[in-house]
Every structure is written in C-alpha cells, then in structure tokens.
Amino acid sequence: MTADTTYKVPTMAEMAANGEEPEVLFWVGCAGSFDDRYKKVTVAFVKILNQVGVKFAVLGTEESCTGDPARRAGNEFLFQMQAVGNIQVLNGYGVKKIVTACPHCFNTLKNEYPELGGQYEVIHHSQFLQQLIDAGKITLKGGGTFKGRRITFHDSCYLGRANKVYEAPREVLQTLDADLVEMKRCRTKGLCCGAGGAQYFKEPEPGRKDINVERTEEALATGADTIAVACPFCMTMMTDGVKNKDREDSVKVYDLAELVAQAYSL
Amino acid sequence: MVFFEQILFVLALAAAGWFLTRRIGLIRRAILLGRPEDRSDHPGERLNIMLRVAFGQKKMMTKPLVGLMHFVIYLGFIIINIEVLEIILDGIFGTHRLFAPYLGGVYPFIINTFEILALGVLLVCVGFLARRYVAKVARFQPERHREMGRWPRTDATLILVFEILLMTAFLTWNASDSLLRERGFGHYGELRGTVGSFVVSRFIEPLLSGLGDPGLVAVERFTWWFHILGILGFAVYLTYSKHLHIGLAFPNTYYSDLRPKGQIKNMPEITKEVQLALGIPGADPTEPPAEPGRFGAKDVRDLSWKNLMDAYSCTECGRCTAACPANLTGKKLSPRKIMMDTRDRLEDLQRGWQKTGPDFDDGKSLLGDYITAEEINACTTCQACVQECPVNINPLDIIQQLRRYRIMEEAQAPGSWNAMFSNIENNMAPWKFSPSDRFNWADQLKQ
Ligand code: SF4
Ligand code: SF4
C-alpha cells in the first residue's frame, strides 16, 4: 500500500442506502471526533481497518456522546437521554457489532446500554487489534522501528478493572518487538490517570498533587521512552504529565493504534 | 462451690446471649433501613465467591505475609472455638474436660493443635501491633488519615491486646490444669495417665510449679473464667467494632456485586421519563409515575440494604484508601471513610432509636453532616477501592448515589460540570463543538 492511497470512511447511512451491512461499526466517540490529539488515533485506526480490508462503517454526524461523563457526574437523566437516543440510531441500523477506541464508550455501550434496550457485541480496539494479529491479518516484522525501544503500558480503569481487559493491549505491544516494561502499579492495581468519573471536565479538588503527575512519575521511572495508552483521556492526562515533568522531548505518549500504524508505516 | 460456679456461668452466658441478640436485632434493623435490591440471582456463583473470598481469604493473599498472618488468626478463631464448646458445656454441667474420656488418645492431639494455634495467634497479634505502632504502616496512621481517629485506633488496639490476653489465659489455664492433674489433686487427677502435658503450655508449667495446690487451683480457676468471660465479652464487643467482619464477611461476599466493575446501577424510574420525553413507544403515559422517591441518596435510607451491610462489614483496613488515586494525591476523599461514615450514621440512628423510639430524627443526613460534596466530587470512579476490598465492599456505589442526589435533587454541580452537561445536551459532545463538525476528522483521509 502506497502513501498516496486514499482511505475509505463509509458511514452507516451510505451503507444502508446501498443495501450493505458492515461487519463492524467503528464508534469514534467525542474525543476521537473532536480532540486534535485523539483524531490522529481515529485516523490511524481507520488506516489499519482499510489496510486489512475490514468492512466497517462509522455513524459520522449521527453519532452522539454515549453519556458516560454525565452518568458518572451524577446526571442520570442526561445520560439516559443520550443513551436512549443513541440506541434508537443503532437499533435503527440494526447494528450488531461495535468497536471503539475509547474505554469509556466501550464500557457504557457494552455494560450500560443493554438495560436500556441496546444489545450489541462491543469490543475495544485493543481486542480488535489483537484479533487481527491472532488471525494473521496484521503481521509486524521484527527488527522494525521499535527494536530496542522501551514501552510501558498504562492501564485504563475502564478497560482494565472495569472490564478485565489486561492482556489484549499487551499482546498487541508485544508484537512490536519492543521491550515492554511494567510500571509498579499495573493491571488490577493500575493507577488511574485522574480523568475518569468526569474529573476530566473540572478542576481537581484541593490536594498535594495532581493524579496524572503521580502516574507519569511512575511511568517515567520505568525508563521507557514511549508510554502506550488505549484511552483518549489517559492520552491527555499522560501527555500533560510528561510536559509537567519537562520530558516531552524524550518521552512520547502514543495510542496502541498509532503504534501499530507506525510499525506498518501507514 | 461447683454449683455456685455453674449458676454464675449460666447467668453470664444468658447475659451475653441477651446483649448479643439485641445488638444483632438492631444491626439487622439498621441494614434493612436501606432500599430493597435483589441479590438472589446466581446462587452458585455467589456461593463460590463466598467460599473463595470469605472462607478462603483469597483477596488477603495479594499481600502474602499479612495474608498468612491474618489467616493464622482466622484459623485460630474458627478452630479454637471448638474448644470453647467444651468449655461452655463444662461450665454449664460443672464438669471438667468433658470430651476427654470420650475422645481418648485423640483428645491430647486436639488440644495440642489448639495450643499451637493459640501460640500462633498470640505471635501474630504482637506482629500486628508492631505493624501499627512500630513499623507505622501508613494506612493505619491518623496523621495521614483523619478517619483513623481515636476510636478506630483504640478499637484495633483493644482487639489485639484482648486476643493476646485470651490466648495467654488459655495457655496458662492448660498449664495449671496439667500440673494439678499430675499432682493428682482432687477431680483434676481423674485424667492422670490418659492426658499428659500439652505441647505449648508445658513451657509455662515451670513458672507455676512453685505454687502450692490452693494457689494452683486459684490460677486454674481464674484463667478458666477469664478466658471464657473474655470470649463472651468479645462476642458482644465485636458488634460495636470493625471486627464485625468476622461474621458479616460471609453474607457480604455472598451478596457481592456481580456486575462488571465499570457498570453503574441503572435507574429504571428515569428511563420511563426519558422515553416519554423522547416520545418513544414502550412507556405508557397513562400509567401513574413510579413512587416519587428521591433521585440518588442523601441519607442511609436512600441507599440499598447492601450498601448498609457493606458499611457494617468494613474492616477499616484501608486497602481501598491506599489504592485511591484521589486520596494518594492528598484529596479529602477516602473510600474507607465513606464506609465508616455510613456505619457511624447508622449507629447514631440506632442510638437515637434507643433513646426516643423508632421515629427518631436528628435532622442530619449522611451527605452533608458526615460526607461532604468535596469528598464525593474527587472520585475518578476508577474502582480501585472495589478491586482492593478483601470483603468485596463497593464504596463507589455509595459515592455514585450521593453524586446523583447532589446533581439531580440539589442541582449542585461544579460550574464546569454544568457547562459539560449543557454541551452534551446541545452539542451532543462534552465540548462546545458543532455537531455538524463531528465527522470532519475524516476529511484529510478522504482527499
Ligand atoms: S473509585 Fe473513587 S473512591 Fe474508589 S479508589 Fe477510585 S477514586 Fe477512590
Ligand atoms: S472498604 Fe474494604 S478495603 Fe476499604 S477499609 Fe473497608 S474493608 Fe478495607
């Protein structure tokens, strides 16, 4: 595949108009749609989907916030307005399988929509990437860009503890042929980046320290030059943390999809 | 004399039984103050969790040394209680080592096992005291954690000292009894030949062997009474202490939350309103709205009974707080404090009931008078507390319900949350972007 290839991003509406059905709906999420940094992740993931030839679609402008931050802040009414609206759209298209790069969307769609009438098979992009690797659809040649580099993976609460997805992102990273190092607190004991529970949308309460700084110090202590994340909010928090520590020149924060795309030179 | 002791013993037993029953009744009533919640599903899975987490202490083993130490106390507690059965029967019937003649050669073996466990418990209790006062493990220190104030600290210390005393009494009793038996003194001598010295208490015997028969009998009687009265007192004391988890850990783990940790409890009463608002079929507008109850929780009555059982089961170990990102970085939130506050609120209500009857109302509430908005607002819903709790308590569930009350009943959200709410409402995203720009990210790809 050459660099000037154009990529396809079909919408559900277009597919439905052509009487087609995608294998999987890519739920982009608000951060993936609007946050400048995470848009790059969305793009990277779409490139991978194109590359391996998965028949996918997005909702485009028909997508709407899942309501996760509203629910966690305590605004159940707003959450359910969002959820019920989204479920109408999803059910209207007869969506069966969803993949998303946001653990918050993942958790909400997977665990919280069924009670409101939305039953889908929902997977996180780390699991999706792992499945592609297992199926041999993505083969990363060893000795590539990552050889000899140190990567540490930051567990997102809504991927890890919330849904027990600990190994998929690690297995994806393992294929990069880099040196995967763990932080002191990882997997079930992984420390939050500080964004969850709608904290991202307000100033923290008074305290000694910001949570993302605490977590970043732990990540830096591993000596890794790359902090891998799998969540848009962790991405921002860790990036800010690295800046806070004046290490943005030597330490980069990337999403799994970006790392895979890099390995592919997409 | 024996007859007199028997009467005294039965009276003590009855008194302990009465206090205990009354306390259990009150605690039960306090727990049932909570809203109903069905936790009767998946009995097999629940039993399995109870066996692993409460009986097998699975979650304690994540810290192997402390886990092992705790296991010794736990084992000691369960197994030495078998001996208590004999002691109680002896007390009632005025007998002495009632089981010995029936069990023959097995009897010394059993008592030796008890003694080894008793020694283990004793040493572990000393170790635990050292962890609190010498090694000063951070999560127990009041300087770091304001909920570990005077009473919780005293409670923990009292229990440990008490267990040390009880175990010492048990071993000393065995030692004095063995000496009297060897001397063939009175009824003690009846078992001479069948039962010898015991494995641990034989090392205490030399300390007592200088005493004459009456002195030895005095030691034997004193330690016997001290041990059994201590145990009865301990049983009643437990119900006021964090050590209630000895009993409640079992039902509390049985009724564990089986949902994925990230899943927040749904509010069906809101779904109907939402469906009506969006004009969605399925909601019947003629049906009267569900009982107008409050949204979220302001006081313990608004929480579910399981939240309240959680509060009574809390061991105050602080594993939750030690893992809490908010607490770690100096915020006021402490999941342990959330649980202790909930229990304190229930205990205050109980005291009120006893004073002024079941209509007691002090005008206070859990949110506001015990737990502040600053605390609950600091939670990142990371579920580390839920993950860490050795008895499967869910502090996050309480925090979430208090937040709902703050937002939906009091409309007291921090300003930037209100902005986020209105963005979601108007722009379908938590930020102020136009919904029509939502798909612009794809432009560069499609060129
Ligand atoms: S869920 Fe909230 S209370 Fe529990 S550990 Fe995380 S931040 Fe602390
Ligand atoms: S809630 Fe659980 S982890 Fe926290 S102090 Fe209580 S028993 Fe310990």
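The values are calculated or read from the model by the stated rules, or taken from the named source; none is laboratory data. Note that the structure is a prediction, hence the values are computed from the model and not measured. Quick reminder, even Gly has a Cβ in these numbers, built from the backbone with ideal geometry, and neighbours come from all protein chains shown. Just the protein is used for accessible areas: all its heavy atoms, side chains included, with ligands, DNA and RNA removed. Shrake-Rupley method; radii C 1.70, N 1.55, O 1.52, S 1.80 Å.
See the values below:
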| quantity | calculated |
| --- | --- |
| Members of region B:378-395 found to be at negative phi, surrounded by 24 or more Cβ atoms within 10 Å (Cβ to Cβ), within 8 Å of ligand 1 (Cβ to nearest atom) and under 22 Å from the mean Cα position of the chain (by Cα), listed by number | B:384, B:385, B:395 |
| In region B:309-334, residue most open to solvent (accessible area, probe 1.4 Å) [restricted to those that are away from ligand 2 (no atom under 13 Å from the Cβ) and part of a helix (DSSP H, G or I)] | B:328 |
| Where a residue in region B:146-160 is assigned to a loop (DSSP other than H, G, I, E, B) and its partner, wherever it lies, is surrounded by fewer than 17 Cβ atoms within 10 Å (Cβ to Cβ), with Cβ under 9 Å and at least six apart | B:148/B:141; B:148/B:142; B:149/B:142 |
| Per-region count, region A:139-198, residues open to solvent by 40 Å² or more (accessible area, probe 1.4 Å), within 14 Å of chain B (Cβ to nearest Cβ) and touching a residue at least 12 places away in the same chain (Cβ under 8 Å) | 4 |
| Checklist (1) in a helix (DSSP H, G or I); (2) open to solvent by less than 20 Å² (accessible area, probe 1.4 Å); (3) within 11 Å of ligand 1 (Cβ to nearest atom) applied to residue B:404, failing item | (3) |
| The lone exception for residue B:336 - which of (1) farther than 26 Å from residue B:293 by Cα; (2) touching a residue at least 40 places away in the same chain (Cβ under 8 Å); (3) away from ligand 1 (no atom under 16 Å from the Cβ) it fails | (3) |
| Residue that is over 14 Å from the mean Cα position of the chain (by Cα), charged (D, E, K, R) and open to solvent by less than 10 Å² (accessible area, probe 1.4 Å), where the choices are B:345, B:351 | B:345 |
| Any chance residue A:223 is in a loop (DSSP other than H, G, I, E, B) and over 20 Å from residue B:377 (Cα atoms) | yes |
| Restricting region A:57-71 to residues that are farther than 15 Å from residue B:422 by Cα and outside any loop (DSSP other than H, G, I, E, B), the residue that is farthest from the other protein chains (Cβ to nearest Cβ) | A:57 |
| Members of region B:134-158 that are under 18 Å from the mean Cα position of the chain (by Cα), open to solvent by less than 40 Å² (accessible area, probe 1.4 Å), of a type outside the set (A, V, I, L, M, F, W, C) and over 17 Å from residue B:375 (Cβ atoms) | B:139, B:152, B:155, B:157 |
| Test: residue in region B:135-147 that is within 18 Å of residue B:219 (Cα to Cα), at pLDDT 95 or above and among the aliphatic types (A, V, I, L, M) | no |
| Any hit, region B:245-262, residues being over 19 Å from residue B:37 (Cα atoms) and either touching a strand residue (DSSP E or B) at 6+ places or on another chain (Cβ under 6 Å) or without any contact (Cβ under 8 Å) to a residue 60 or more places away in the chain (or both) | yes |
| Any hit, region B:353-360, residues being away from ligand 1 (no atom under 13 Å from the Cβ), modelled with pLDDT under 95 and hydroxyl-bearing (Ser, Thr, Tyr) | yes |
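Residue by residue, here is whether (1) aromatic (Phe, Trp, Tyr); (2) open to solvent by less than 30 Å² (accessible area, probe 1.4 Å); (3) within 17 Å of the chain's Cα centre (by Cα) holds:
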residue	(1), (2), (3)
A:9	no, yes, no
A:14	no, no, no
A:17	no, no, no
A:22	no, yes, no
A:30	no, yes, yes
A:49	no, yes, yes
A:79	yes, yes, no
A:86	no, yes, no
A:93	yes, no, no
